[in-house]
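**Student:** Quick one: the structure is below, and I'll ask about it shortly.
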Amino acid sequence: MSGQFRRNGKIWVRVFADLPITGKPTEVRMGRGKGNPTGWIARVSTGQIPFEMDGVSLANARQAATLAAHKP
């Protein structure tokens with residue numbers, strides 16, 4: 001999204017990956033904890049606003065949001 005604005009606007013990200021995903025290797029016995037973190041996810045509920053944009057026109061903001069919607 002920031003590439004669309006060309007240093008004219010500001011973007012605030014309101015969603016952060018704060019929940020670790022853990023996993024144990026295969027063929028490991030039960031017990032001894034949860035396992036090592038393999039990745040992080042962000043909980044996003046319906047209707048939550050993930051990004052805020054300021055300083056750009058509405059047409060540029062919609063185009064940037066449309067291009068960014070294909071990424072996640």
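**Student:** How about segment 21-53: which of its residues are aliphatic (A, V, I, L, M) and touching a residue at least 24 places away in the same chain (Cβ under 8 Å)?
**Tutor:** Within segment 21-53, Ile41, Ala42, Val44, Ile49, Met53 qualify.
**Student:** Inside segment 34-53, can you point out the residues that are open to solvent by 60 Å² or more (accessible area, probe 1.4 Å), assigned to a loop (DSSP other than H, G, I, E, B) and not hydrophobic (A, V, I, L, M, F, W, C)?
**Tutor:** Residues satisfying the conditions are Lys34, Arg43, Ser45, Thr46, Gly47, Gln48.
**Student:** As an exercise: evaluate Thr22 against (1) open to solvent by less than 90 Å² (accessible area, probe 1.4 Å); (2) modelled with pLDDT under 85; (3) not aliphatic (A, V, I, L, M) and give the number of the one condition it does not meet.
**Tutor:** (2)
**Student:** Please indicate, with yes or no, whether at least one residue in segment 54-65 is touching a residue at least 60 places away in the same chain (Cβ under 8 Å) and open to solvent by less than 80 Å² (accessible area, probe 1.4 Å). If you could, list the steps in order and put the result at the bottom.
**Tutor:** Going residue by residue through segment 54-65, those that are touching a residue at least 60 places away in the same chain (Cβ under 8 Å) are 64-65.
So of that shortlist, the ones also open to solvent by less than 80 Å² (accessible area, probe 1.4 Å) come out as 64-65.
Yes.
The values are calculated or read from the model by the stated rules, or taken from the named source; none is laboratory data. Note that the coordinates shown come from a computational prediction; the quantities given were computed from them, not determined experimentally. All Cβ positions, even for glycine, are placed from backbone atoms using ideal geometry, and neighbour counts span all protein chains on display. SASA here: full protein model, heavy atoms, side chains in, ligands and nucleic acids out. Shrake-Rupley method; radii C 1.70, N 1.55, O 1.52, S 1.80 Å.
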